[in-house]
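The structure appears below as structure tokens.
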């Protein structure tokens, strides 16, 4: 991650990205400067769908009525009416652990985040998801 401004306020460049854990604080600062809502999701120790969904729901203050399944996660991420903001930045700490221990759930999470980003992009609202991976996880994904 370079230290130049990534222009997080621009929905045309928003998306789902893999970063190192050290990048999260820099990204949080850029998001704050862009006046976007930042939510950190701690995925350390999250090795299954149930734990992952719970951590996402808590970090994003999902309404009690939201479903605790993949469809519910996608629906909630595409809505976020209870968190009004000019844009959103999700910082997923420890995502590499989920990747190592449960690659299918990791892949599903990435697909859902990507779908949510497309839905927000259609409304011209920036939605970013940064998944912090370990260096060896990044190398694996590049292969």
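Relative to the 2.2 N^0.38 Å rule of thumb, the stretch 1-71 has a C-alpha radius of gyration ratio of 1.29. Compactness ratio for the stretch 92-143: Cα radius of gyration over 2.2 N^0.38 Å (N = residue count) comes to 1.25. The C-alpha atoms of the chain occupy a region whose extents along the principal axes are 40, 34, 22 Å, arranged from largest to smallest. Using only Cα coordinates, the Kirkwood hydrodynamic radius of the stretch 45-117 works out to 12.6 Å. Note on the chain: helix-only mean residue ellipticity at 222 nm, from DSSP H runs of 4+ residues weighted -39500 (n - 2.57) and normalised by residue number, equals -14000 deg cm²/dmol.
The numbers here are math on the coordinates, done by the rules we state, and not lab data. Computed from a prediction, not measured in an experiment: that's the story for all the values here.
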